[in-house]
Amino acid sequence: ILNGLSNFWKWCQNIKYCVAEEATNPFLNIPLSKSTATRKILPYEPLELMNIASKAKENEDTELYKLIMFASYTGARIEELCSVKVEHVLDNFSYFRIIDSKTDAGIRDVPIHSKLKPLIKEMCANPDEGGYLIKSTAKNQHGSRSDPLGKRFGRLKTSLGYTKSHNFHSIRHTLATLLENAGIPENISSDIVGH
């Protein structure tokens, strides 16, 4: 960001747009945090995840409950799940298709677990106006449907004592760990979660 601002400052000087030539570039030599440590995202234990989902249901946040369950059995990213429409659920509820993802590997067909089928059928029977399975109140310029749900998830998991090392993306890690522990070959689990 600082690099971009510095280049913008130089451009303003070059076109002589309200920037005095002798003025010092204010975006140079700004000290940044010395910390290079990145926060590690931790998976939830399956029981912890079901407790979070139960709390969402108890709080009558039905859409968040559905989203957590949907993620728990698929390992899909939050925005991928919020973009699934009724027309993407195929072959008599055998799988659903993710048609837009952050990565090429994310474009995939995801099998629907037998325990998830009743919920998917319910969501298909009662989609929002756009045909989406997960209803969202998002109204932003980037077309992201997951923002309000992601924030509600963050507040819920924080209220239950989880730190920033646990977030919605942790659900993907949980499923990947469960698949690995079950002896599912890596290429199959990668296809399911979109790695």
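Checked against (1) among the charged types (D, E, K, R); (2) in a helix (DSSP H, G or I); (3) within 23 Å of S190 (Cα to Cα), K102 meets all criteria but (2). Within segment 76-122, being of a type in the set (V, I, T), more than 23 Å from K139 (Cβ to Cβ) and either touching a Cys at 6+ places or on another chain (Cβ under 7 Å) or open to solvent by 20 Å² or more (accessible area, probe 1.4 Å) (or both) holds for V89, T103, I107. Is it the case, given these coordinates, that I134 is modelled with pLDDT of 95 or more, assigned to a loop (DSSP other than H, G, I, E, B) and closer than 16 Å to Y65 by Cβ? Considered against the rule, which asks whether it is modelled with pLDDT of 95 or more, assigned to a loop (DSSP other than H, G, I, E, B) and closer than 16 Å to Y65 by Cβ, I134 comes out as yes.
Scanning segment 123-158 for residues that are open to solvent by 50 Å² or more (accessible area, probe 1.4 Å), over 17 Å from D100 (Cβ atoms) and touching a residue at least 24 places away in the same chain (Cβ under 8 Å) gives K135, R152.
Examine segment 21-38 for a residue that is among the hydrophobic types (A, V, I, L, M, F, W, C), open to solvent by 30 Å² or more (accessible area, probe 1.4 Å) and assigned to a helix (DSSP H, G or I), and state whether such a residue exists. No; the residues of segment 21-38 include none that is among the hydrophobic types (A, V, I, L, M, F, W, C), open to solvent by 30 Å² or more (accessible area, probe 1.4 Å) and assigned to a helix (DSSP H, G or I). Picking from residues in segment 159-190 that are among the aliphatic types (A, V, I, L, M) and closer than 20 Å to S101 by Cβ, the one that is least open to solvent (accessible area, probe 1.4 Å) is I171.
Here K57, K102, K115 are screened, and the one residue that is farther than 17 Å from P127 by Cα, within 18 Å of the chain's Cα centre (by Cα) and without any contact (Cβ under 8 Å) to a residue 60 or more places away in the chain is K102. The residues of segment 61-99 that are β-branched (V, I, T), assigned to a strand (DSSP E or B) and without any contact (Cβ under 8 Å) to a residue 60 or more places away in the chain amount to a single one, V89.
The values are calculated or read from the model by the stated rules, or taken from the named source; none is laboratory data. Since we're looking at a predicted model, the values are computed, not measured. Cβ: placed from backbone, ideal geometry, glycine included. Neighbour counts: every protein chain shown. Quick note on the areas: whole protein, heavy atoms, side chains included, nothing else; ligands and nucleic acids left out. Shrake-Rupley method; radii C 1.70, N 1.55, O 1.52, S 1.80 Å.
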